[in-house]
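The values are calculated or read from the model by the stated rules, or taken from the named source; none is laboratory data. Remember, predicted model here, so these are calculated numbers, not experimental data. Because the Cβ atoms are built from the backbone with ideal geometry, glycine has one as well, and the counts that use them run over all protein chains shown.
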Amino acid sequence: MSDLAQDSAQQTAHAALLYASTNEFVTGALGFVDAGLDEDEAVLVSAPGPELSLLRARMNGRSHRVSWVDITQVGANPGRIIPFMCDFAGAHAGRPVRCLQGLGWAARTDAEQCEAIRHEALINLAFDAAPVRILCAYDSARLDPGVIRSARRTHPVLIREGHAGPSAAYGAGIVPDECNRPLPRPPAEAATLVYGADLASPRAYATRHASAIGLPSGRVLDLVLAVGELAANTFRHTGAGGVLSIWSAGNELACQIQDTGHITDPLAGRRRPSADGGSGYGLWIVHQVCDLVELRSGAGGTVIRLHMSLDS
């Protein structure tokens with residue numbers, strides 16, 4: 001497989017490896033990893049456990065030079081992946097960095113997969129002009145065709161059958177339309193609170209209803225923290241109140257905050273905030289304590305939906 005960054009003028013490369021067999025995956029992934037090790041780059045491989053085991057077993061004594069991470073743990077909420085990658089790059093400052101990712105596992109929910117696609121688009125903004133090369137592996141034989149179409153739109157480079165080339169569908173820094181469609185309305189049975197200019201009411205409401213739904217006590221505290229941060233953002237940026245809705249959906253709790261604010265930074269909450277606790281701190285916390293965060297923001301206002309597993 002051709003290396004992604006033979007052109008020395010292009011420090012940032014973001015490619016999708018579209019593979020249809022185990023052999024194709026191993027060949028493409030190891031070609032990418034080995035090229036990084038040959039150049040003494042810092043290499044991170046983040047993929048589901050079975051793929052990690054598959055690759056580590058074929059590293060010919062060089063696996064200790066690679067950082068291995070189960071993406072189903074650190075990337076179950078895709079909003080946490082960019083800061084995780086930034087931390088890795090920061091820990092190897094002064095060296096080029098190479099990251100192999102496997103984001104599209106079959107067990108992801110539709111909402112998780114949508115946010116993973118958003119993450120892929122935002123990578124192109126987060127690492128613009130940085131000395132980072134990223135290869136994202138997609139099983140084109142098993143994943144939904146819609147996921148593969150989205151991969152074509154979020155990656156400037158595609159690798160198929162060992163050959164790399166530009167993606168004709170790529171839109172630089174653009175989140176695909178399917179990830180920006182309005183969220184479905186909360187169900188009729190959702191508990192709903194119209195809150196004003198105090199944090200006590202939405203926090204108490206979240207505590208009461210999350211506990212009644214069956215969210216474990218430790219996670220109730222996480223949810224209340226997230227709700228408090230979002231409600232504070234409502235007051236800070238709109239001068240008005242908002243609407244809080246909570247309901248159960250299968251094996252998870254869903255909680256939604258809606259207000260008239262507008263978020264203009266597509267990377268809001270995906271950059272580690274500065275030590276002085278400046279802007280972006282609230283959304284950062286929300287991503288850290290919730291299992292999944294869906295955000296839609298436009299001229300009519302902002303909707304942020306939080307997902308919390310009832311099993312944890």
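The table below gives the values:
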| quantity | calculated |
| --- | --- |
| Residue list for segment 36-64, restricted to those being of a type outside the set (A, V, I, L, M) and within 14 Å of THR22 (Cβ to Cβ) | PRO48, PRO50, GLU51, SER53, ARG58 |
| Long-range neighbours under 6 Å by Cβ, at least six apart or interchain, first residue buried (at least 24 other Cβ atoms within 10 Å of the Cβ) within segment 40-52, second among the β-branched types (Val, Ile, Thr) | VAL43/VAL33; VAL43/VAL66; VAL45/VAL66; SER46/VAL69; SER46/ILE71; ALA47/ILE71 |
| Any hit, segment 44-55, residues being more than 22 Å from the chain's Cα centre (by Cα), in the same structural domain as ARG95 (by TED's automatic domain parsing) and farther than 28 Å from ARG152 by Cβ | yes |
| Set GLY218, GLY300, GLY214: member being of a type outside the set (Lys, Arg), surrounded by fewer than 19 Cβ atoms within 10 Å (Cβ to Cβ) and at pLDDT below 90 | GLY300 |
| Filter result (surrounded by 14 or more Cβ atoms within 10 Å (Cβ to Cβ) and touching a helix residue (DSSP H, G or I) at 6+ places or on another chain (Cβ under 6 Å)) within segment 175-197 | VAL175, PRO176, CYS179, ALA191, LEU193, TYR195 |
| Among the candidates ALA76, ALA137, residue that is over 16 Å from GLU41 (Cα atoms), outside the structural domain of ARG271 (by TED's automatic domain parsing), aliphatic (A, V, I, L, M) and part of a strand (DSSP E or B) | ALA137 |
| Verdict on ALA210 being in a helix (DSSP H, G or I), among the hydrophobic types (A, V, I, L, M, F, W, C) and touching a Cys at 6+ places or on another chain (Cβ under 6 Å) | no |
| Boolean, GLY79 is surrounded by fewer than 15 Cβ atoms within 10 Å (Cβ to Cβ) and not aliphatic (A, V, I, L, M) | no |
| Filter result for VAL194 (assigned to a helix (DSSP H, G or I) and among the β-branched types (Val, Ile, Thr)) | no |
| Residues being farther than 11 Å from ALA16 by Cβ and assigned to a loop (DSSP other than H, G, I, E, B) - total across segment 140-168 | 7 |
| Yes/no for LEU283 being closer than 24 Å to ARG185 by Cβ and either in contact with a strand residue (DSSP E or B) (Cβ under 7 Å, 6 or more places away or on another chain) or charged (D, E, K, R) (or both) | no |
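Residues are listed down the side, and each one gets a yes or a no for (1) without any contact (Cβ under 8 Å) to a residue 24 or more places away in the chain; (2) farther than 21 Å from LEU18 by Cα; (3) surrounded by 14 or more Cβ atoms within 10 Å (Cβ to Cβ):
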{"residue": "GLN113", "(1), (2), (3)": "no, no, yes"}
{"residue": "ASP128", "(1), (2), (3)": "no, yes, no"}
{"residue": "ARG133", "(1), (2), (3)": "no, no, yes"}
{"residue": "CYS136", "(1), (2), (3)": "no, no, yes"}
{"residue": "HIS209", "(1), (2), (3)": "no, yes, yes"}
